[in-house]
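J.: Here you go, one structure.
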């Protein structure tokens, strides 16, 4: 029987052909002979208690000038799919939450949604790391000016970030003599109305922000260290960091072993752990990336392993 795969993603015309992980997944699905149905968030809807979507039949190819084409369109019940990949990038906003709620209906009717919609809602990528205090640096989540300044004065060199963005967006480093501290607090908390995360700065960021990929709670043995480039201290590929594939260290494996069982319990089949030095800083579950870079720099067939796992869950 031919499997039917749906994917909810950002506009496929705007993805980065050379490094997009969702595209690697779609190539693998097509290699397996699966039918692929493409959706954007606005294509999903509920009617009379049933989840539907305006789908386009998608064909993908390894061609940097034309990596996709369409083969018809239809409105369909999501429960007619076997698998749905939820690969919409943050921001994690009301539209994203509503999408996961629609996908709940598909999951109840037998569709394997990767990752589980309830987990996408419950496991904020910044906050989820706080479940593992033995693995994280000193961390504060607050909207209080007083607590923020106490943390800053104690640790002298800190990193501040919002809870719902990606790719290093709106991430600030605040040193002990920074004159912009008040402004950074006001911007990130919207003058004390929203929560932000504050962590002690980890000097080992100069060696890279390590991305460890997890499939059903098990770590891929190679990671991607995203090494800051030029004058930008952030280890994000989106802001110019350079990727370096390397094997997991014993500490990296320890962190993966702590997080893995919880990922498995929550139905998170594919995740990306962000580790700086010896510390877990984030757990990415919305649309983890770095598949292409790790596959290119190692002998780990990440996409094949992921889809073998997905098939085993059907």
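The values are calculated or read from the model by the stated rules, or taken from the named source; none is laboratory data. The model shown is predicted, which means the values in this text are computed figures rather than measured ones. Note that each Cβ is placed from the backbone with ideal geometry, even for glycine, and that neighbours are counted across all protein chains shown.
J.: Please work out if residue 262 is part of a strand (DSSP E or B) and either in the same structural domain as residue 275 (by TED's automatic domain parsing) or touching a helix residue (DSSP H, G or I) at 6+ places or on another chain (Cβ under 6 Å) (or both).
T.: On the way: part of a strand (DSSP E or B): no; either in the same structural domain as residue 275 (by TED's automatic domain parsing) or touching a helix residue (DSSP H, G or I) at 6+ places or on another chain (Cβ under 6 Å) (or both): yes.
So residue 262 fails the test.
J.: Every residue in segment 1-54 that is in a strand (DSSP E or B) and surrounded by 21 or more Cβ atoms within 10 Å (Cβ to Cβ), please.
T.: 5, 6, 7, 8, 9, 36, 37, 38, 39, 44, 51, 53
J.: Assess whether residue 62 counts as being assigned to a loop (DSSP other than H, G, I, E, B) and surrounded by fewer than 21 Cβ atoms within 10 Å (Cβ to Cβ).
T.: yes
J.: If you check residue 221 against the conditions, is it touching a residue at least 24 places away in the same chain (Cβ under 8 Å), within 22 Å of the chain's Cα centre (by Cα) and surrounded by fewer than 20 Cβ atoms within 10 Å (Cβ to Cβ)? Spell out how you get there, then give the answer.
T.: Details: touching a residue at least 24 places away in the same chain (Cβ under 8 Å): yes; within 22 Å of the chain's Cα centre (by Cα): yes; surrounded by fewer than 20 Cβ atoms within 10 Å (Cβ to Cβ): yes.
Yes: the conditions hold for residue 221.
J.: Scanning for something surrounded by fewer than 19 Cβ atoms within 10 Å (Cβ to Cβ) and over 23 Å from residue 156 (Cβ atoms), does segment 198-215 turn up at least one residue?
T.: For segment 198-215, residues surrounded by fewer than 19 Cβ atoms within 10 Å (Cβ to Cβ) and over 23 Å from residue 156 (Cβ atoms): absent.
J.: Here is a further query. Taking the condition of being under 16 Å from the mean Cα position of the chain (by Cα) and surrounded by fewer than 17 Cβ atoms within 10 Å (Cβ to Cβ), how many residues in segment 227-261 meet it?
T.: Within segment 227-261, residues that are under 16 Å from the mean Cα position of the chain (by Cα) and surrounded by fewer than 17 Cβ atoms within 10 Å (Cβ to Cβ) number 1.
J.: Oh, and also: Take segment 120-140 and flag every residue that is surrounded by 21 or more Cβ atoms within 10 Å (Cβ to Cβ) and in a helix (DSSP H, G or I).
T.: 120, 128, 129 - these are the residues of segment 120-140 that are surrounded by 21 or more Cβ atoms within 10 Å (Cβ to Cβ) and in a helix (DSSP H, G or I).
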